[in-house]
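Working notes, structure below.
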Amino acid sequence: MINLVASAVAFWLALVAFVGCNLGGEQRAKVSLRTFPSGDGWGYEIRLEDKCLIYQSMIPAIDSLRPFPSEQSARRVGRLVLKRVVSGEPFAVTVKEVEDALKE
């Protein structure tokens, strides 16, 4: 379990450093959000140029494995995560943030 946590932290730090280095110069890398059908709902993907950074086919932060009920809810959470990725913030979302996105 400790190795898994350490690996996750190391991955996150490397990703933040990579994104920060690639977004901070004269030529900004293109970071994009794309929604896609997932099972009987929707998911989202965040890409850096042609590389997939985050592939989220299920709603994060909740206790069940299910896709977003609508494209709009997937897009709302995806935009929040995208904003955090670009700014170098931790990009995990809270249960409240997900619940708010599902309500709107």
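Take the residues in the stretch 84-94 that are open to solvent by less than 70 Å² (accessible area, probe 1.4 Å) and touching a Pro at 6+ places or on another chain (Cβ under 9 Å), then tell me which one is farthest from LEU48 (Cα to Cα). Step by step, filter the stretch 84-94, then rank; the result is VAL93. Look at (1) at pLDDT 95 or above; (2) in contact with a Leu (Cβ under 7 Å, 6 or more places away or on another chain); (3) in a loop (DSSP other than H, G, I, E, B) and you find that VAL93 fails only one, number (1). Sub-9 Å Cβ pairs linking a first residue in the stretch 40-56 that is farther than 16 Å from VAL98 by Cβ to a second residue that is of a type in the set (Asp, Glu) and at pLDDT 95 or above, at least 6 apart or interchain, are CYS52/GLU45; LEU53/GLU45; TYR55/GLU45, ordered by first then second residue.
For the stretch 57-74, indicate whether the set of residues that are assigned to a helix (DSSP H, G or I), more than 18 Å from ASP40 (Cβ to Cβ) and hydrophobic (A, V, I, L, M, F, W, C) is non-empty. For the stretch 57-74, residues assigned to a helix (DSSP H, G or I), more than 18 Å from ASP40 (Cβ to Cβ) and hydrophobic (A, V, I, L, M, F, W, C): absent.
Among the residues of the stretch 68-82, those identified as over 17 Å from LYS96 (Cα atoms) and either buried (at least 16 other Cβ atoms within 10 Å of the Cβ) or not polar (S, T, N, Q) (or both) are GLU71, LEU82.
Residues in the stretch 41-64 that are over 19 Å from PHE91 (Cβ atoms), at pLDDT below 95 and of a type outside the set (S, T, N, Q): ASP50, ASP63.
The values are calculated or read from the model by the stated rules, or taken from the named source; none is laboratory data. Values in this document were obtained by computation on a predicted structure and should not be read as measured data. A quick note on method: Cβ atoms are made from the backbone with ideal geometry, for glycine too, and the neighbour counts reach across all protein chains shown. Just so you know, the surface numbers come from the protein's heavy atoms only, side chains and all, with ligands and any DNA or RNA stripped out. Shrake-Rupley method; radii C 1.70, N 1.55, O 1.52, S 1.80 Å.
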